[in-house]
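What follows is one structure encoded as structure tokens, with my remarks underneath.
The values are calculated or read from the model by the stated rules, or taken from the named source; none is laboratory data. Please read all numbers here as calculations on a predicted model, not as lab measurements. Reconstructed Cβ throughout: ideal geometry from the backbone, glycine too, with neighbour counts over all protein chains shown. To get the accessible areas, we keep the full protein, side chains included, count just its heavy atoms, and leave off ligands, DNA and RNA. Shrake-Rupley method; radii C 1.70, N 1.55, O 1.52, S 1.80 Å.
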Amino acid sequence: MSGEDFSRVGVLLAELVGECRTLAMDEGNITDCAELLERLKTAGIAMDGLGAALIGRVIELQCKDAAEVQDGCAPDGDDPHHRGSDPGCHGSLGKDRTLLKLVERTGRQSYRAAAKEIWLSKFAAGCFPMFLEGMRQGKISAAYIEALGMVGRTQALTELAQANEEMLLEWTQTQNVKEFRRSIKRWERENGFKAARKAREAGGRGRRESLRLYPEDDGYKVSGWLTGESGSVVIRALRQESRVVVEEQGLSGTTRGAGEHHTGSSVVDLWGHGERNARSLVRILRRVLKNNRRSSAGPVSFRDTTPIRRPVLWVEPERDAQRKPNVATGFG
């Protein structure tokens, strides 16, 4: 469609809106109302499909403008994301700063509803063009695409659904929205494990190591992924450090269950496996920082940056050699 086609459709929509506003309800019978309602619903679905396609097109052009700005091909002074009234390489959104604001204002809907409409439009236009075309033809409603959105939870499942888009689209012709949603859930359960395994196999070959710490409550949550070789190194180091911790605490023997008392040099082991790993990791890092402090000119502080919560049984590393645990209570 050219710019003239867009203008022509806009004029037709304006005329249609005017006719809808001035139609006299008292002049029609039940048959007239039912026939017009059927055509209106079909036209409404097609208009929803056109709206989804327009939203997808706007997002596509905005991404192109942003890429051209990064490459230095856009006019000087353009916003990389074109959030404003200044036109970019492919035009602007007018008085609305963002596409979300445009949909929210023109649709007379809430922020959440507008965001959901944009997500579904982007999902259909970018991943399932057959479903979007079905909406534009008035054959399926946006409710089918919303049900299909359940497969968008993972990239692997989305790719598997894209490969079977024609089959999924055939289901919409013989099933209502409720039945289609059940079919999608059943298909997701049957193919979710297969897609996840395929993603793990593909990710294992080209996956990169990562380690992240996220603030949570009064500490940090650790998340990441290591290769088999790196993971083995970490495991060996933690096990070796755990033995040192156990020996320094005076925990001897092969069985050290929580709440179990021993005599002699043994005490109650109040640490779980994960808690001991966390303690061992902190001890290793403290030694590294201490060595760096000795070799550098300025002191390095590490006590206040330790994010691990103190365990029930706490012994300062510097005093491990002097302090002896209490056999009766398990505390130092």
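Here are the numbers for this structure:
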| read-out | value |
| --- | --- |
| Subset of region 153-167 (residues that are open to solvent by less than 30 Å² (accessible area, probe 1.4 Å) and in contact with a Phe, Trp or Tyr (Cβ under 8 Å, 6 or more places away or on another chain)) | 161, 165 |
| Hits in region 95-148 (condition: part of a loop (DSSP other than H, G, I, E, B) and either in contact with a Ser or Thr (Cβ under 7 Å, 6 or more places away or on another chain) or charged (D, E, K, R) (or both)) | 95, 96, 97, 108, 138, 139, 140 |
| So residue 48, is it at pLDDT below 90, surrounded by 13 or more Cβ atoms within 10 Å (Cβ to Cβ) and in a helix (DSSP H, G or I) | no |
| Some residue of region 170-193 being closer than 25 Å to residue 46 by Cβ, hydrophobic (A, V, I, L, M, F, W, C) and in contact with a Lys or Arg (Cβ under 9 Å, 6 or more places away or on another chain) | no |
| Per-region count, region 18-31, residues of a type outside the set (Ser, Thr, Tyr) and either over 24 Å from residue 48 (Cα atoms) or open to solvent by less than 70 Å² (accessible area, probe 1.4 Å) (or both) | 8 |
